[in-house]
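Any read-out appearing in this document is the output of simple, stated calculations on the displayed coordinates, not a laboratory observation. In this text the structure is predicted, and so the values were computed from the model without any measurement. Heads up, the Cβs are rebuilt from the backbone with ideal geometry, glycines too, and the neighbour counts pull from every protein chain shown.
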Amino acid sequence: MFVETIRQAKRLIVAVVGFTVVLLGTLMIVTPGPGLLTIILGLSILGAEFVWARRLLKRLKRTGSQIASSISDSFFGPDSRSASDSKSGSNAEACGAPKSADAVPGGPH
């Protein structure tokens, strides 16, 4: 009985703190401050005890990732991420260093 009361008290404290942080984040959307980050923080706090908050946070992360990807594609093109991954060559070549000894001035002729 005592353990159940402690568990309920912890759940109540998490709910009060989490909803307060979400409410402050919502207020910060219309006032200066990091509103979206505060809302995400509040959902993370609520996610410690509530499954619905974890699901909502996961969906927000997925949507944010999709938005970031589409913004990146609109600025840099859809193949910009794969082009940088597929470059071959060493770091020295990327910095402009010659590939072989033949290209070095005063090298073998």
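Here is the tail figure for the range 1-57: Cα pairs spaced more than 20 Å apart come to 30 percent of all pairs. A crude spin-label estimate for the pair Ile71 and Ala48, with each label 7 Å from Cα along the Cβ direction, gives 2.9 nm.
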